[in-house]
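What follows is a single structure, written as structure tokens, with notes after it.
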Amino acid sequence: MNFMRKLADIFKNPAVRKFGLPALAIIVIAVPVIRRKMAIVREKAPDTYPVALDLASPRLGVLRAQETFLGLFKPENQAALSSRLSARVVFIADEGTAVKQGDVVLRLDTSDLAAGAEAFDIKKQNQEKVYNRDKILFSSGAISQEQLENSQNLYQQAVSAYEAAAAQLSYGVMNAPFDAVVGKRYLQPGDTAVPGKPLLQLDGTGPGYEVYADLPVETAAKIKPGSGQEIAFNGGVQTARVKAVVPAAANNLMTVKLALSGNKLGIPAGTYVDTHFYTSVSRGLIVPANSVSRNMNGYFALTVKDGTVHWAPVKVLGADAASYCVEGLDPAARLGTAPAQDLLKIYEGQKVKAVRESGTYD
């Protein structure tokens, strides 16, 4: 009771009420904050773990820079057959059918033409008999030279009429001009063929094939006719030779035509394939592509020394899908490799844990 009375007497003092109460409030607020800061200071800092990297060494060598574009694969022999007649389709080979040169791939209803050709044939035979008779009569002086020539003209007209009818009749049957596969047919049996419109497409079965690729002008300028390139399909690779570089440019692109011997990869006609063009040859240190990062200041190789990473500036001389050819790098350097997205997270001076030592990079 005495303590409480004394405390009450203290707070009756105007000076205490004016300065003491705010000071007391500040103390009440500050004490928990101070205690929390002291607890944070006493807490143990989290451990830092070294980044795990595979290590490799550069090698001196030659790198053929490669650029990849899509190319259209097609047989060297390819034909779209069209009709010269307007007639009903009796037979047309199914898509995917393998045919040999000379095999019938399409037949039209030419019954009317056949009847007409037969009539012309009979007329030709009759006119031939008349002409042969007139030749005998002329030799015996029974008819004049003029009559013989008129008979000859009539016979020749009959022959021409028959041959024209026979030719029309022959258009009703179409044969494969080379060994091929029926790639696509545009009509069905019973449809009417119209002159000039395609009926079916034949894709040759070799031995020659071609690939057409559109390249930027600056890249096409580096490609030489006769040079060896590669095409890739379904995990396989086949060598191709540049047959021609079309000089006319459209949309800043030029067409490069490649020739292949055989279809070793089993590529269907009309398929787009990856076409690898070797555009330059560089000599220098060959390093893995996943050991080099690029930013606005240039290219930097991820080197490792004494368990610490360092970004070393390098000059890139050439590149392909897996490697860079560089200069300005210590040949004895050890390189760290990591996926591109992980390279961006690695900072100068970071500790490293080697996961695998791969030796000289191949």
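The values are calculated or read from the model by the stated rules, or taken from the named source; none is laboratory data. All figures in this text were calculated on a predicted structure; none of them were measured in a lab. Methodologically, a virtual Cβ is constructed for each residue, glycine included, from the backbone with ideal geometry; neighbour enumeration extends over all protein chains shown.
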- [ ] Run down SER140, SER82, SER144, SER86 and say which single residue is polar (S, T, N, Q) and either surrounded by 15 or more Cβ atoms within 10 Å (Cβ to Cβ) or touching a Leu at 6+ places or on another chain (Cβ under 6 Å) (or both).
- [x] SER82
Open item on the list: Being outside any strand (DSSP E or B) and over 16 Å from LEU70 (Cα atoms) is the filter here; which residues of region 214-250 pass it?
Closed with: GLU218, ALA221, LYS222, LYS224, PRO225, GLY226, SER227, VAL246, PRO247, ALA248, ALA249
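Conditions (1) among the polar types (S, T, N, Q); (2) in contact (Cβ under 8 Å) with a residue 40 or more places away in the chain; (3) surrounded by 15 or more Cβ atoms within 10 Å (Cβ to Cβ), marked per residue:
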{"position": "VAL217", "(1), (2), (3)": "no, no, no"}
{"position": "THR239", "(1), (2), (3)": "yes, no, no"}
{"position": "LYS243", "(1), (2), (3)": "no, no, yes"}
{"position": "VAL246", "(1), (2), (3)": "no, no, no"}
{"position": "SER261", "(1), (2), (3)": "yes, yes, no"}
{"position": "PHE277", "(1), (2), (3)": "no, yes, yes"}
Open item on the list: Would you confirm, using the coordinates I've provided, whether LEU148 is in the same structural domain as ASP121 (by TED's automatic domain parsing), in a helix (DSSP H, G or I), over 22 Å from ARG84 (Cα atoms) and not basic (Lys, Arg)?
Closed with: yes
Task: Check on PRO225, out of contact with any Leu (no Cβ under 7 Å at 6 or more places or on another chain), closer than 14 Å to TYR278 by Cα and loosely packed, with under 15 Cβ neighbours inside 10 Å - done: yes
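Residue check: is LYS74 surrounded by 18 or more Cβ atoms within 10 Å (Cβ to Cβ), under 30 Å from ILE267 (Cβ atoms), charged (D, E, K, R) and touching a residue at least 24 places away in the same chain (Cβ under 8 Å)?
On the way: surrounded by 18 or more Cβ atoms within 10 Å (Cβ to Cβ): yes; under 30 Å from ILE267 (Cβ atoms): yes; charged (D, E, K, R): yes; touching a residue at least 24 places away in the same chain (Cβ under 8 Å): yes.
So LYS74 passes the test.
Could you tell me whether region 166-176 includes any residue that is under 30 Å from VAL281 (Cβ atoms), part of a loop (DSSP other than H, G, I, E, B) and not basic (Lys, Arg)? Can you show your working first?
Pass one, region 166-176, residues under 30 Å from VAL281 (Cβ atoms): none.
No, there is no match, as no residue in region 166-176 is under 30 Å from VAL281 (Cβ atoms), part of a loop (DSSP other than H, G, I, E, B) and not basic (Lys, Arg).
Report yes if LYS243 is in the same structural domain as ASN175 (by TED's automatic domain parsing) and closer than 30 Å to ALA176 by Cα, otherwise no.
Values: in the same structural domain as ASN175 (by TED's automatic domain parsing): no; closer than 30 Å to ALA176 by Cα: yes.
Answer is no for this residue.
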